[in-house]
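The values are calculated or read from the model by the stated rules, or taken from the named source; none is laboratory data. Values in this document were obtained by computation on a predicted structure and should not be read as measured data. Quick reminder, even Gly has a Cβ in these numbers, built from the backbone with ideal geometry, and neighbours come from all protein chains shown. Note: areas computed on protein heavy atoms with side chains; ligands, DNA, RNA excluded. Shrake-Rupley method; radii C 1.70, N 1.55, O 1.52, S 1.80 Å.
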Amino acid sequence: MRRPTPLLPAVAACLLLTACGAERVGTQDTGPGAASSPPRTQVTDPGMDGVRVTAVTIPSPSPSPSPSSSPSPSSSFSVTADSLPTDSGVSATYEVTNQGTEALTYTVLFDFTTSSGEVMSNKWETVRDVAPGKTVRGTVRLGVLAPGASPVTRVKVSEVTKVPAGEAPSEAGDCPASGIRVTADEGDAAMGLRVVGLHLENCGTRDYTVNGYPLLELLGEDREPVDGVKILQGSGEITTGAGPDEPPRPVTLKPGETATSSLVWRNTTQFGTPVDVPYVRVRAKAGADPVTVTPHLDLGTTGQLGVRPWKRAAEQPGNSRPGSPE
């Protein structure tokens, strides 16, 4: 679940155009056409969880349009193509190195910030099937910056999750060999109550039937099981705010149809050590292939997580997290 302040307490991998340790690659072209080739700043940075930014490209600011020095009383401003929002041209190259012993799929959140650290925009990047000991390189682009936003002078890696490649949620449009796609959405939060939706899509060619609750395994940062959390069938013991508990019933999905479930908890913190669960391994039913999603459950000290039964979805909601339904 994405929040304005990232929940992972790791040091963000930052790059700053004017920071110590940054060096200019080559020399800046001052001849004709120089504006079309923004300078790239190379960065030496330790990164986070095997992900680091290696260089940034930020074009020089364009001069703001100004009216004529002597406008006539009847003159007026008009909107032209040049004054419409355009691609900022800001980008950063990065590399992902798998130092583990199994192939992993990485999901990385990049923040584009001002020199004071205020986030102007952020972008998710998914890097799939990184083999052990291998490094994969890529580029993240800011795109269009919101009107009125302050200039971006920093880029940082603010969140990294990594799951076994064989358990990563499939991309929209791709159907696993199992014929089903399991994803988690961005979730909702209100007054300490947290709800994250699970989505089960039949993307195969045959009917698929579930009856009951998703099977869950809660995993910590090391993707090992988390102890001390009771998984409840239904949410009635946690809250009545998520609606009444419904009894499980068989749901048969034809190709293209979707079922939903939800995870419900309170992040109340009282006595004891708060429990964070960054990963949840989900099986649609007994015997189904596992899929590991990353909702990051901040369970507080309640020690409880409710799961609601599968039900047919009236419609499939969209969200911006990679691997989520669109």
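Would you please name the residue that is modelled with the lowest pLDDT, looking only at residues in segment 135-170 that are of a type outside the set (G, A, S), surrounded by 15 or more Cβ atoms within 10 Å (Cβ to Cβ) and part of a loop (DSSP other than H, G, I, E, B)?
Of everything passing the filter in segment 135-170, T153 is modelled with the lowest pLDDT.
Kindly evaluate S121 against the criterion of being buried (at least 16 other Cβ atoms within 10 Å of the Cβ) and of a type in the set (G, A, S).
On the way: buried (at least 16 other Cβ atoms within 10 Å of the Cβ): yes; of a type in the set (G, A, S): yes.
Answer is yes for this residue.
Determine if segment 275-284 includes at least one residue that is touching a His at 6+ places or on another chain (Cβ under 7 Å), modelled with pLDDT of 90 or more and part of a loop (DSSP other than H, G, I, E, B).
Taking every residue of segment 275-284 in turn, at least one turns out to be touching a His at 6+ places or on another chain (Cβ under 7 Å), modelled with pLDDT of 90 or more and part of a loop (DSSP other than H, G, I, E, B).
For T240, only one of the following conditions fails: (1) open to solvent by 10 Å² or more (accessible area, probe 1.4 Å); (2) within 15 Å of V291 (Cα to Cα). What is its number?
(2)
A quick yes/no check of all residues on (1) aliphatic (A, V, I, L, M); (2) open to solvent by less than 20 Å² (accessible area, probe 1.4 Å); (3) not in a strand (DSSP E or B):
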{"position": "V182", "(1), (2), (3)": "yes, yes, no"}
{"position": "G197", "(1), (2), (3)": "no, yes, no"}
{"position": "T209", "(1), (2), (3)": "no, no, no"}
{"position": "E217", "(1), (2), (3)": "no, no, no"}
{"position": "R223", "(1), (2), (3)": "no, no, yes"}
{"position": "L232", "(1), (2), (3)": "yes, yes, no"}
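Take V251 and tell me if it is among the hydrophobic types (A, V, I, L, M, F, W, C) and at pLDDT below 95.
Details: among the hydrophobic types (A, V, I, L, M, F, W, C): yes; at pLDDT below 95: no.
For V251, the condition - among the hydrophobic types (A, V, I, L, M, F, W, C) and at pLDDT below 95 - is not met.
Would segment 106-115 turn up any residue that is open to solvent by 50 Å² or more (accessible area, probe 1.4 Å), farther than 30 Å from A314 by Cβ and part of a strand (DSSP E or B)?
Applying the first criterion (open to solvent by 50 Å² or more (accessible area, probe 1.4 Å)) to segment 106-115 yields 115.
If we keep only those that are farther than 30 Å from A314 by Cβ as well, we get 115.
In the following step, the residues that additionally are part of a strand (DSSP E or B) were identified as none.
Looking through segment 106-115, none of the residues is open to solvent by 50 Å² or more (accessible area, probe 1.4 Å), farther than 30 Å from A314 by Cβ and part of a strand (DSSP E or B).
Go over the candidates V275, V251, V280 one by one and state the one that is of a type outside the set (D, E, K, R) and within 13 Å of R312 (Cα to Cα). Full working, then the answer.
On the way: V275 fails: within 13 Å of R312 (Cα to Cα); V280 fails: within 13 Å of R312 (Cα to Cα).
Selected residue: V251, the only one of V275, V251, V280 that is of a type outside the set (D, E, K, R) and within 13 Å of R312 (Cα to Cα).
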